[in-house]
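The values are calculated or read from the model by the stated rules, or taken from the named source; none is laboratory data. The structure displayed is predicted, hence computed values, not measured ones. Positions of Cβ are backbone-derived with ideal geometry, glycine not excepted, and every protein chain shown enters the neighbour counts.
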């Protein structure tokens, strides 16, 4: 499968079971299915799904629009579809969405030991800006705080 064999679309309620499975396959402490249901109701949450041409959901990404910043909450790709550009496309889409919303930048936390994710974010211009000690509850692993800042001359939208 190549990048031309999948597409991105806004997350819908019918995606949630597939997204929750990917979440469980990807993270030691996954979000609950109900958390994703609530995210669809959250006016500050922006979620997209990656779908194969056969419509199978193969990945997803989420971000909160907080005042004038984006906070990536999660990005995950189904294990059998990793390494073909799905994660790359999801990060690119989050960046474009943030720019479309006139955010000043995007932040995220990534596990200290998750070098593949760190490399992906660095490829997209994210930089290390801090550490959250013992951030992950399952292992007490530290999180690296990363930021991608945009042109600060952009006038941010006021979100109420």
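Brief remarks follow.
- Some residue of segment 153-160 being farther than 20 Å from residue 23 by Cα, modelled with pLDDT of 95 or more and either in contact with a strand residue (DSSP E or B) (Cβ under 7 Å, 6 or more places away or on another chain) or not in a loop (DSSP other than H, G, I, E, B) (or both): no
- When residue 87 is tested against the conditions (1) buried (at least 18 other Cβ atoms within 10 Å of the Cβ); (2) more than 10 Å from the chain's Cα centre (by Cα); (3) not in a strand (DSSP E or B), the lone failure is (2).
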